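Before any comments, here is the structure.
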Amino acid sequence: METQLVIAGQPIRSRFFLGTGKFPSYQIMKEAIIASSAHIVTVALRRIDPQAKEENILEYIPKDCIVMANTSGARNADEAIRIARLARALGCGDWIKIEVIPDNKYLLPDNAQTIKATEVLAKEGFIVMPYVNPDLADARRLRDAGAASIMPLGAPIGTNKGLCTRELLKILIAEIELPVVVDAGIGRPSHAAEAMEIGAAAVLVNTAVAASDDPVLAARAFSLAVAAGRLGYVSGMSPIKESPQSSSPLTGFLC
Amino acid sequence: MPITFYDQIVKFSRFDFEDFFRQAAPKDVERVMDKEALSENDFLLLLSEAAFGSLELLAQKARRITWGNFGKVIQLYAPLYLSNYCVNDCAYCGFKHSNPITRKCLSIAELKEEAKEIAKSGIRHVLLLTGESRSQAPLAYIKECVILLKKSFSMISVEIYPLSVNEYAELIAAGVSGLTIYQETYDERLYSQLHRQGPKSDYRFRLMAPERAAQAGMRQINIGALLGLSEFKKEVFFTGLHGYWLERYYPGIEVGVSFPRIQPQVGNFSPANPLSDRQLAQAIVATRIFLPHAGITLSTREAKELRSNLIGLGLTRLSAGSRTQVGGYALSDKTEGQFEIADTSSVDAVRHMVHQKGYQPVFHDWLNVI
């Protein structure tokens, strides 16, 4: 039986979350959000210009979406905390995706600093969605620090390699009571479906949609794959077998 | 771990580049095409004449990598020349000490005029430039400029004389996020021939400036060689190696690479090794494949049409509406420019061109939270 995704007490309409970076234009980004029916969209605060004479990205996000600012550019907990507070001051609300990335080559997150930022921001009333390497002990620390969900990576950002961390994701999904949202590395709709089939609460995609030849079509494809994967998970699919099996190898003679 | 990048360069002092290039074959290049992470030798192969015939395939690979790591986005910035006083006498530079040009250092009132004019165009990232004169444009003056400009711009970078770690830290505290510093040539012998006098004659001090800035906590560091001084394959190779080294030992910084080609300037310096547009494209795509996460900048030194065509090959940053004179944006008593600008398009025209190419022009992509 399908259940509603709820994060921090708020019902979320879609299990497909969309990042807003890397699109060829804000108009295409807007059309992709609409085509995917995403309810939660992430926006890098560094891209929001309060003094903009140019187009403002926020004007292109449908009003019924939840804007989740992210702390892209933060190298440590202190910078992430400052960016989160700035996001709130600029009217971006309380949803914050914490990204602490001290490594510009592989773009891998720093779990220890992310936990530290989560502790502070959760106490300040933020709905904290931390982006992390999938580590069970750290996921428990984040849960205890007040995170609203855990967002482990499937593969390094932008690589489109899919669920390279599949076995670790399965452990987090099994052990952490919070929604587990697979973020980063999902490069094909089939990867998104696979994440949902193993029980992820949602997936977040950006590069694979924004950098495709047709981002609007790609957004829809991922959204459909997420929905299909979720239905597959809820339906309780039969396990995958190592070798072929006839339907009744031992008792067929009885018919 | 080598102590500095200089140690890395020394490793190649006996490497026979000519022999390597002679032996490089198209089949070697094909093998590199399938690799995800390139070795130093692979990078050199992509810069060789053996790769010339595979340029289209290399360009397609470079484009895919850029889309994956940066998306279809081009950041725009503008240079702002603060001062053209210079104690060095670099053979190729319009600002060299011996050139009989008008010298000027912007007053704070003049800087406000310049900033106002640049900000009007929508530009939010400025690159501050000076010649090397600690007496005419001292660090205290540059810091004062930065503090003033912070009110109008979201990102401030500098392209000034090399500093110590502590001095870079002072600039960062004032509000600087990025450093651009070109080694001009990585060939130490040629370097000493071209920089015979002044503090710039110290090859190692300049070479290690990016490391000092990284140690001070600089966020974005942009390097490059002045293309045309020496054989481009080796210069681009060492630039790429420099970027790789910085990424490896200072993972917190965003490394960028520029490809400045020598343009005509006062003094009529003729480059000994001019490179063609096709060679410039090869340099850009090879660098993109070797350094998938590095920002790549092409300035208005290059013509509008070429810049437009190279966008899809790996560029991530363009200057726009540039003036290379001190006072070039708003003042009537502007100086001569440092070099001739080939793309004289307005910021609006560059924005339009980027849109036309199917990319998003981005003016604001930075938060200074230090």
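Structural remarks
- Considering the conditions (1) modelled with pLDDT of 95 or more; (2) of a type in the set (Ser, Thr, Tyr); (3) surrounded by fewer than 20 Cβ atoms within 10 Å (Cβ to Cβ), B:Ser135 is excluded by exactly one of them, (1).
- Residues of the stretch B:98-128 that are more than 14 Å from chain A (Cβ to nearest Cβ) and not hydrophobic (A, V, I, L, M, F, W, C): B:Ser98, B:Asn99, B:Pro100, B:Thr102, B:Arg103, B:Lys104, B:Ser107, B:Glu110, B:Lys112, B:Glu113, B:Glu114.
- Residue list for the stretch B:104-120, restricted to those being modelled with pLDDT of 90 or more and crowded, with 16+ Cβ neighbours inside 10 Å: B:Cys105, B:Leu106, B:Glu110, B:Leu111, B:Lys112, B:Glu114, B:Ala115, B:Glu117, B:Ile118, B:Ala119
- Checking the stated criteria, B:Ala330 turns out to be assigned to a loop (DSSP other than H, G, I, E, B) and in contact (Cβ under 8 Å) with a residue 24 or more places away in the chain.
- Comparison of A:Ala202, A:Ala192, A:Ala184 shows that the only residue that is within 18 Å of A:Thr20 (Cα to Cα), within 14 Å of another protein chain (Cβ to nearest Cβ), touching a Phe, Trp or Tyr at 6+ places or on another chain (Cβ under 9 Å) and surrounded by 23 or more Cβ atoms within 10 Å (Cβ to Cβ) is A:Ala184.
- Cβ-Cβ contacts under 7 Å between residues 6 or more apart (or on different chains), taken from a first residue in the stretch B:26-42 that is farther than 16 Å from B:Gln60 by Cβ to a second residue that is of a type in the set (Asp, Glu) and not in a loop (DSSP other than H, G, I, E, B), are absent.
- Test: A:Ala69 is more than 10 Å from every other protein chain (Cβ to nearest Cβ) and outside any helix (DSSP H, G or I): yes
- The listed residues are B:Pro274, B:Pro361, and the only one of them that is modelled with pLDDT of 85 or more and either surrounded by 21 or more Cβ atoms within 10 Å (Cβ to Cβ) or within 14 Å of chain A (Cβ to nearest Cβ) (or both) turns out to be B:Pro361.
- Test result for B:Glu336, of a type in the set (Asp, Glu) and under 16 Å from the mean Cα position of the chain (by Cα): no
- Among residues of the stretch B:82-107, those that are aromatic (Phe, Trp, Tyr) and out of contact with any Ser or Thr (no Cβ under 6 Å at 6 or more places or on another chain), counted: 2
- Applying the set (1) over 22 Å from B:Leu226 (Cβ atoms); (2) surrounded by fewer than 22 Cβ atoms within 10 Å (Cβ to Cβ) to B:His97 leaves exactly one unmet item: (1).
- Of the strands (runs of 3 or more DSSP E) that lie entirely inside the stretch B:138-247, those containing 1 or more residues that are over 21 Å from B:Thr324 (Cβ atoms) span B:220-225.
- Residues of the stretch A:141-161 that turn out to be within 14 Å of chain B (Cβ to nearest Cβ) and not polar (S, T, N, Q), as a count: 5
- Condition met for B:Asn222 (in contact with a strand residue (DSSP E or B) (Cβ under 6 Å, 6 or more places away or on another chain) and either within 14 Å of chain A (Cβ to nearest Cβ) or free of Cβ contacts under 8 Å to residues at least 40 places away in the same chain (or both)): yes
- Complete set of residues in the stretch B:178-214 that are at pLDDT below 95 and polar (S, T, N, Q): B:Ser192, B:Gln193, B:Gln197, B:Ser201
- Residue match in the stretch A:51-67 (condition: within 19 Å of A:Leu107 (Cα to Cα) and surrounded by 16 or more Cβ atoms within 10 Å (Cβ to Cβ)): no
- Residue count for the stretch B:52-97, restricted to those that are within 14 Å of chain A (Cβ to nearest Cβ) and among the charged types (D, E, K, R): 3
- Set side by side, the residues B:Thr324, B:Thr344, B:Thr335 differ, and just one is away from chain A (no Cβ under 14 Å) and over 16 Å from B:Tyr77 (Cα atoms), which is B:Thr335.
- Just one residue in the set A:Ala87, A:Ala80, A:Ala139 is part of a helix (DSSP H, G or I), of a type in the set (A, V, I, L, M) and more than 27 Å from B:Trp366 (Cβ to Cβ); that residue is A:Ala139.
- Single residue of the stretch A:3-31 satisfying the filter (at positive phi and either buried (at least 18 other Cβ atoms within 10 Å of the Cβ) or in contact (Cβ under 8 Å) with a residue 60 or more places away in the chain (or both)) that is nearest to the other protein chains (Cβ to nearest Cβ): A:Lys22
- Some residue of the stretch B:10-27 being in contact with an Asp or Glu (Cβ under 9 Å, 6 or more places away or on another chain), over 20 Å from B:Ala286 (Cα atoms), buried (at least 16 other Cβ atoms within 10 Å of the Cβ) and not acidic (Asp, Glu): no
- Residue that is surrounded by the most Cβ atoms within 10 Å (Cβ to Cβ) [pool: residues in the stretch A:32-50 that are within 14 Å of another protein chain (Cβ to nearest Cβ), assigned to a helix (DSSP H, G or I) and in contact (Cβ under 8 Å) with a residue 40 or more places away in the chain]: A:Ala32
- Residue count for the stretch A:164-219 under the criterion of being hydroxyl-bearing (Ser, Thr, Tyr) and in a helix (DSSP H, G or I): the result is 2.
- Residue-level check: of (1) at pLDDT below 95; (2) in a helix (DSSP H, G or I); (3) in contact with a helix residue (DSSP H, G or I) (Cβ under 8 Å, 6 or more places away or on another chain), B:Leu318 misses just (2).
- A count restricted to the stretch B:24-78 and to residues that are polar (S, T, N, Q) and closer than 27 Å to A:Val209 by Cβ stands at 4.
The values are calculated or read from the model by the stated rules, or taken from the named source; none is laboratory data. The model shown is predicted, which means the values in this text are computed figures rather than measured ones. Reconstructed Cβ throughout: ideal geometry from the backbone, glycine too, with neighbour counts over all protein chains shown.
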